[in-house]
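Read the structure below first, then the notes.
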Amino acid sequence: MRHLMSPLDFTTEELDKLFDLANDIEKNPKKYAHICDDKIMATCFYEPSTRTRLSFESAMTRLGGRVIGFSDANSSSAAKGESVSDTIRVISCYADICAMRHPKEGAPMVASEKSLIPVINAGDGGHQHPTQTLTDLLTIRSMKGRLNNFTIGLCGDLKFGRTVHSLINALVRYEGIKFIFISPEELRVPDYITDMLKENNIPYEEVIRLEQVMPQLDLLYMTRVQKERFFNEEDYIRLKDFYILDTVKMELAKEDMLVLHPLPRVNEISVEVDNDPRAAYFAQAQYGVYVRMALILTLLELVD
């Protein structure tokens, strides 16, 4: 039995196989429509989510399976004080696979150690968001045709953004990647990430102005400033509008640059950018369903 706690749980070769499966699902959905007819997924979300939870539910439903679970800790026995360990032991009696989101870092890992079924980390605090990273990688590979030799700008909340941290850790395994970190001083990428990049001789820059680096980018990964990660309202209000991507800034970019965003957006990408063919974030959400379908099939060992 295998779990997914981090994008690094899969080798790059295993990721290629997973992405090949996801692309085949995209092209041949009917081929996979009933593989999970007798399977049940539990979605245990101790923290609010729209895209991640619904994409897991969509993925399982499209495979023919069924979904049970909860979307808020207050609607689970956690409100009565039940531990994650006890919850997953019970869930193991009801379902064949579990996707868990939790505000505490490491909670899905604790669950995996007690679980009798595969557990997927659907986000734990500001730590990891592996299925979003798989989504990002599949989107890049599908739309760019490769996962190496490009410059990626990561913009916005690089301090608290678990999607950013996961993506950086995944991309360092590929050749020819250069990172440009675009953020205010208060939301800089953590030192442990820049230390890791230095140790591995991976090039990176840290800048404050987005306009300064737009012409260099093959990919721009935008993030929102996350209100739920701030300790006070004043800091959030001061920083929330620091970066807004609009058509004026897009004019500075390469003709084939892609704009990615894990969503939800607030106002960091102007709606006028949606009509630009380089805006890939809604296609990215669709790729999230395909990669989760492929992951479910892989962890349940329903494909060769």
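The values are calculated or read from the model by the stated rules, or taken from the named source; none is laboratory data. What you see is a predicted model, and the numbers here were worked out from it, not measured in a lab. For neighbour counting, all protein chains shown are included, and Cβ atoms are generated from backbone atoms with ideal geometry for every residue, glycine included. The accessibility values were calculated without ligands, DNA or RNA, using every heavy atom of the protein model including side chains. Shrake-Rupley method; radii C 1.70, N 1.55, O 1.52, S 1.80 Å.
Table for the structure above
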{"item": "Test: residue 189 is within 22 Å of residue 256 (Cα to Cα) and open to solvent by less than 20 Å² (accessible area, probe 1.4 Å)", "result": "no"}
{"item": "Test for residue 69: is it closer than 25 Å to residue 109 by Cβ, open to solvent by 50 Å² or more (accessible area, probe 1.4 Å) and of a type outside the set (A, V, I, L, M, F, W, C)", "result": "yes"}
{"item": "Subset of segment 280-304 [in a helix (DSSP H, G or I), more than 15 Å from residue 163 (Cβ to Cβ), hydrophobic (A, V, I, L, M, F, W, C) and open to solvent by less than 60 Å² (accessible area, probe 1.4 Å)]", "result": "283, 289, 293, 294, 295, 296, 297, 299"}
{"item": "Near pairs, Cβ below 6 angstrom, 6+ apart or cross-chain, from segment 40-67 (on the phi > 0 side of the Ramachandran plot and touching a residue at least 12 places away in the same chain (Cβ under 8 Å)) to any residue that is buried (at least 24 other Cβ atoms within 10 Å of the Cβ) and of a type in the set (S, T, N, Q)", "result": "none"}
{"item": "From the options 184, 130, residue that is within 16 Å of residue 105 (Cα to Cα) and modelled with pLDDT under 95", "result": "130"}
{"item": "Count of segment 1-58 residues which are closer than 21 Å to residue 163 by Cα, hydrophobic (A, V, I, L, M, F, W, C) and open to solvent by 60 Å² or more (accessible area, probe 1.4 Å)", "result": "2"}
{"item": "Extreme residue, nearest to residue 145 (Cα to Cα), among residues of segment 209-222 that are open to solvent by less than 10 Å² (accessible area, probe 1.4 Å) and assigned to a loop (DSSP other than H, G, I, E, B)", "result": "217"}
{"item": "Selection count where residues are at pLDDT 95 or above and open to solvent by 10 Å² or more (accessible area, probe 1.4 Å), scope segment 160-176", "result": "5"}
{"item": "Criterion violated by residue 277 - all others in (1) without any contact (Cβ under 8 Å) to a residue 40 or more places away in the chain; (2) open to solvent by less than 40 Å² (accessible area, probe 1.4 Å) satisfied", "result": "(2)"}
{"item": "Output for segment 190-204, where each listed residue is in a loop (DSSP other than H, G, I, E, B) and either at pLDDT 95 or above or polar (S, T, N, Q) (or both)", "result": "200, 201, 202, 203"}
{"item": "Residue that is surrounded by the fewest Cβ atoms within 10 Å (Cβ to Cβ) [pool: residues in segment 199-208 that are within 27 Å of residue 141 (Cβ to Cβ) and either in contact (Cβ under 8 Å) with a residue 60 or more places away in the chain or not polar (S, T, N, Q) (or both)]", "result": "199"}
{"item": "Positions within segment 205-231 being modelled with pLDDT under 80 and of a type in the set (Phe, Trp, Tyr), in sequence order", "result": "230, 231"}
{"item": "Residue check, residue 101 surrounded by 20 or more Cβ atoms within 10 Å (Cβ to Cβ) and of a type in the set (D, E, K, R)", "result": "yes"}
{"item": "Search result, residues across segment 104-123 that are open to solvent by 20 Å² or more (accessible area, probe 1.4 Å) and of a type in the set (A, V, I, L, M, F, W, C)", "result": "109, 110, 116"}
